[in-house]
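Below: the structure, in structure tokens.
The values are calculated or read from the model by the stated rules, or taken from the named source; none is laboratory data. A quick note: this is a predicted structure, and the numbers were derived from the prediction, not measured. Cβ sites come from the backbone with ideal geometry, for glycine too, and all protein chains shown count toward neighbours.
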Ligand code: HEM
């Protein structure tokens, strides 16, 4: 809590503003408002603490500007769904714009701009579900190929390892082939540029992009453009990658526009999907019975290559992915700002003020979830996914409403396929099950220092009877 002088100064200068917000609870502001709470801890931890201490809505002060932290499903639904046109994504759009280009829905303004970009998004076309169904095989082959070289390594930092594995698998889903290492390096350099802007303490005009950013951008999207041109010249009806499928279905789509869609696919999903995998493996190490069941399921499925139909039988892999996204969601804070003065939660919020929405508290809300701190994938079986569907009040790892993640369905298929593919051949041993340190990169949680290795399965370990059930998980997540 700020000292007496600081609190007094805030009241002296901004007392009238504070009075107007009076019905709302929140931490006591000092001369810098309540910004001090966010210096040090991660923003999602602060948002979750506010949820526990103040309930569904917390009044914060960014200096003299009021803002809200929402932990109430009803208010979150208002901001992200029913009244979403009144709330823009805010600063994050400007921060990532140089990296993700102007052509994708990612940073589009609500309303016409988003509608127009969404209309052309390859992920939400009438044929997109057919494309998705065709990706299980290519994803499995790509993951399997990466796994071959990983199994020989004795110690790996799992975050960058699974990130690169994910990048490669995404290349197969989007282009039907691997990309050179130099493309991965360009991708990371551009992500670092966006991250510097996201984490900047100074106004963006004072934040420079990393050396070589523009060249990396030209090379990265240029490579996609070149692939699109080549594919267009020799359209192969047998190819199932997103680029070929889009060219067949939307022949008038401009090369550059499609290249931007494909390149941004990686920014949308590589960090978030690989973070989810690291979280899942950390939890599997803590809960061996859950891992054993995953191995048994994967073994039973491994007699033939996976496809979309057979993936439906990977119920435990799906439940592990869902539980990882509940306990350790990769994107934990969303921001919105009202484009005009607006009434919300019983107060008038000025245009441009900050609204922070976090899923961390609601994903572990003890009034909603049984044993919320326990990593227990079985909660997702027997109707669990229908009780708490993606994008509902207490489970929204992909956000909520029309602007929820357009890659969410693909991400679930990717996670399920990868968990099943790796489990059939290897156990991911994580060296330490202490709570891992979490940082922040490109708007996504970044697990730090999670080291481990891929241990080849001896055949007798995976041929367990399918009815193997995990013993009740008792460790806390
Ligand atoms: C586990 C993996 C993923 C997680 C946790 C995740 C999470 C999210 C979240 C929370 C949002 C909404 C942000 C907001 O409302 O402010 C979002 C939006 C988005 N995501 Fe994902 N995402 C994942 C994978 C992917 C993948 C694989 C793609 C590939 C294309 C993708 C592309 C996008 C795009 C384009 C948007 C913006 C949608 C719009 O504004 O219309 N994401 N994602």
Can you tell me which residue in the range 349-375 is farthest from residue 45 (Cα to Cα), limited to those that are away from the ligand (no atom under 15 Å from the Cβ) and outside any loop (DSSP other than H, G, I, E, B)?
349
Filtering the range 169-182 down to residues that are in a helix (DSSP H, G or I) and buried (at least 19 other Cβ atoms within 10 Å of the Cβ), which residue is nearest to the chain's Cα centre (by Cα)?
170
So which of 158, 139, 109 ends up being over 27 Å from residue 244 (Cβ atoms), away from the ligand (no atom under 11 Å from the Cβ), in the same structural domain as residue 175 (by TED's automatic domain parsing) and under 22 Å from the mean Cα position of the chain (by Cα)?
158
Only residues that are surrounded by fewer than 18 Cβ atoms within 10 Å (Cβ to Cβ), under 21 Å from the mean Cα position of the chain (by Cα) and farther than 27 Å from residue 118 by Cα: list them for the range 385-435, please.
435
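Residue-by-condition table, conditions (1) within 14 Å of the ligand (Cβ to nearest atom); (2) surrounded by 16 or more Cβ atoms within 10 Å (Cβ to Cβ):
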position: 70; (1), (2): yes, yes
position: 73; (1), (2): no, yes
position: 88; (1), (2): yes, yes
position: 92; (1), (2): yes, yes
position: 105; (1), (2): yes, yes
position: 113; (1), (2): yes, no
position: 123; (1), (2): yes, yes
position: 148; (1), (2): no, no
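Evaluate the following for residue 199: is it more than 28 Å from residue 135 (Cα to Cα), under 23 Å from the mean Cα position of the chain (by Cα) and in the same structural domain as residue 416 (by TED's automatic domain parsing)?
Details: more than 28 Å from residue 135 (Cα to Cα): yes; under 23 Å from the mean Cα position of the chain (by Cα): yes; in the same structural domain as residue 416 (by TED's automatic domain parsing): yes.
The answer is yes for residue 199.
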Residues of the range 113-160 classified as out of contact with any strand residue (DSSP E or B) (no Cβ under 9 Å at 6 or more places or on another chain) and outside any loop (DSSP other than H, G, I, E, B), total:
30
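Checking the structure you have, find out if any residue of the range 395-406 is at positive phi and within 13 Å of the ligand (Cβ to nearest atom).
Filtering the range 395-406 for residues at positive phi gives 399, 401.
This time we only want the ones that are within 13 Å of the ligand (Cβ to nearest atom), so: 399, 401.
Among the residues of the range 395-406, at least one is at positive phi and within 13 Å of the ligand (Cβ to nearest atom), which makes the answer yes.
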Listed by first then second residue, the pairs whose first member lies in the range 223-245 and is closer than 21 Å to residue 129 by Cβ, whose partner is surrounded by fewer than 18 Cβ atoms within 10 Å (Cβ to Cβ) and at pLDDT below 95, with beta carbons under 9 Å and at least 6 positions apart or on separate chains, are 244/235; 244/236; 244/237; 244/238
Filtered residues of the range 212-249 (kept if at pLDDT 95 or above and outside any helix (DSSP H, G or I)):
212, 239, 240, 241
Go through the range 312-348 and report how many residues are part of a strand (DSSP E or B) and surrounded by fewer than 24 Cβ atoms within 10 Å (Cβ to Cβ).
10
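Restricting attention to the range 248-271, does a residue exist that is in contact with a strand residue (DSSP E or B) (Cβ under 7 Å, 6 or more places away or on another chain) and either free of Cβ contacts under 8 Å to residues at least 24 places away in the same chain or closer than 23 Å to residue 141 by Cα (or both)?
Within the range 248-271, one or more residues are in contact with a strand residue (DSSP E or B) (Cβ under 7 Å, 6 or more places away or on another chain) and either free of Cβ contacts under 8 Å to residues at least 24 places away in the same chain or closer than 23 Å to residue 141 by Cα (or both).
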I'm told residue 84 meets every condition in (1) surrounded by fewer than 16 Cβ atoms within 10 Å (Cβ to Cβ); (2) within 11 Å of the ligand (Cβ to nearest atom); (3) under 25 Å from residue 393 (Cα atoms) except one. Can you identify the failing condition by its number?
(1)
Output the strands (runs of 3 or more DSSP E) that fall wholly within the range 402-460 and possess 1 or more residues being more than 18 Å from residue 359 (Cα to Cα) and not assigned by TED's automatic domain parsing to the domain that holds residue 112, or say none.
none
Restricting attention to the range 24-51, which residues are out of contact with any helix residue (DSSP H, G or I) (no Cβ under 7 Å at 6 or more places or on another chain) and within 21 Å of residue 77 (Cβ to Cβ)?
24, 50
What about residue 378, is it more than 14 Å from the ligand (Cβ to nearest atom), assigned to a helix (DSSP H, G or I) and in the same structural domain as residue 271 (by TED's automatic domain parsing)?
yes
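So is residue 304 away from the ligand (no atom under 16 Å from the Cβ), assigned to a loop (DSSP other than H, G, I, E, B), within 20 Å of residue 173 (Cβ to Cβ) and at pLDDT below 95 or not?
Details: away from the ligand (no atom under 16 Å from the Cβ): yes; assigned to a loop (DSSP other than H, G, I, E, B): yes; within 20 Å of residue 173 (Cβ to Cβ): no; at pLDDT below 95: yes.
No: the conditions fail for residue 304.
Residue under question is residue 295, and the condition is that it be touching a helix residue (DSSP H, G or I) at 6+ places or on another chain (Cβ under 6 Å) and in contact (Cβ under 8 Å) with a residue 12 or more places away in the chain; does it hold? Let's see the steps before the verdict.
Working: touching a helix residue (DSSP H, G or I) at 6+ places or on another chain (Cβ under 6 Å): yes; in contact (Cβ under 8 Å) with a residue 12 or more places away in the chain: yes.
In short, yes.
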